[in-house]
Amino acid sequence: QKEHPVAIRLPGGAMISDGKKVTKDFSKLNRYEVTKKGSKVALIGLGTFYSLAEQAAEDLQNEGIDATVINPYYITGIDSELLESLKADHSVVITLEDGILDGGFGQKIASFYGNSDVKVLNYGLKKEFLDRFNAEDVLKENRLTAEQIAEDVISL
């Protein structure tokens, strides 16, 4: 990327490669990538939580819900065009972020949909100081497992 400033954020979790070649054109700022097209429910998985979005979509598929999965790539900007297009055939948008919810990525997405009929569920960490913690316990306490996310969608 030579046209815009770049910040490289290192995730706290494991970086997992699916082996697919990255074809994303990073010169087009704030353009998300739909990696699986579904309807009614869209899962936007930021950073290392993209794989969590894929897992939750699989759990939902087992319950007969064909969810859209989106890799946003960008933390600071939103893809207004894509988000607007979801209004046509989605009633729920779920954001998953590997950071603090308060003032984070998900709140930007919720704000975008604020005056529409689209319901937004934000998943991330509550703002607190954690010292010597078990990561799995923290994820469960914040309802950040694929099973819990699928349960919440089904209960809607």
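Numbers for the structure displayed
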| item | result |
| --- | --- |
| Extreme residue, surrounded by the fewest Cβ atoms within 10 Å (Cβ to Cβ), among residues of the stretch 93-126 that are assigned to a strand (DSSP E or B) and in contact with a Ser or Thr (Cβ under 6 Å, 6 or more places away or on another chain) | Asn122 |
| Residue within the stretch 22-38 that is within 22 Å of Asn142 (Cβ to Cβ), touching a strand residue (DSSP E or B) at 6+ places or on another chain (Cβ under 9 Å) and part of a loop (DSSP other than H, G, I, E, B) present | no |
| Among residues of the stretch 41-74, those that are surrounded by 16 or more Cβ atoms within 10 Å (Cβ to Cβ) and either in a loop (DSSP other than H, G, I, E, B) or charged (D, E, K, R) (or both), counted | 7 |
| Positions within the stretch 96-132 being out of contact with any Leu (no Cβ under 9 Å at 6 or more places or on another chain) and among the basic types (Lys, Arg), in sequence order | Lys108, Arg132 |
| Residue in the stretch 95-115 that is in contact with a Lys or Arg (Cβ under 6 Å, 6 or more places away or on another chain) and polar (S, T, N, Q) present | no |
| Count - residues of the stretch 131-156 that are in contact with a helix residue (DSSP H, G or I) (Cβ under 8 Å, 6 or more places away or on another chain) and either under 19 Å from Tyr74 (Cα atoms) or open to solvent by less than 60 Å² (accessible area, probe 1.4 Å) (or both) | 7 |
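The values are calculated or read from the model by the stated rules, or taken from the named source; none is laboratory data. Not measured: the values here are computed from a predicted model. Every residue, glycine among them, receives a Cβ derived from its backbone with ideal geometry; neighbour counts consider all protein chains shown. Each accessible area value is taken on the protein alone, full model and side chains, heavy atoms only, with ligands, DNA and RNA left out. Shrake-Rupley method; radii C 1.70, N 1.55, O 1.52, S 1.80 Å.
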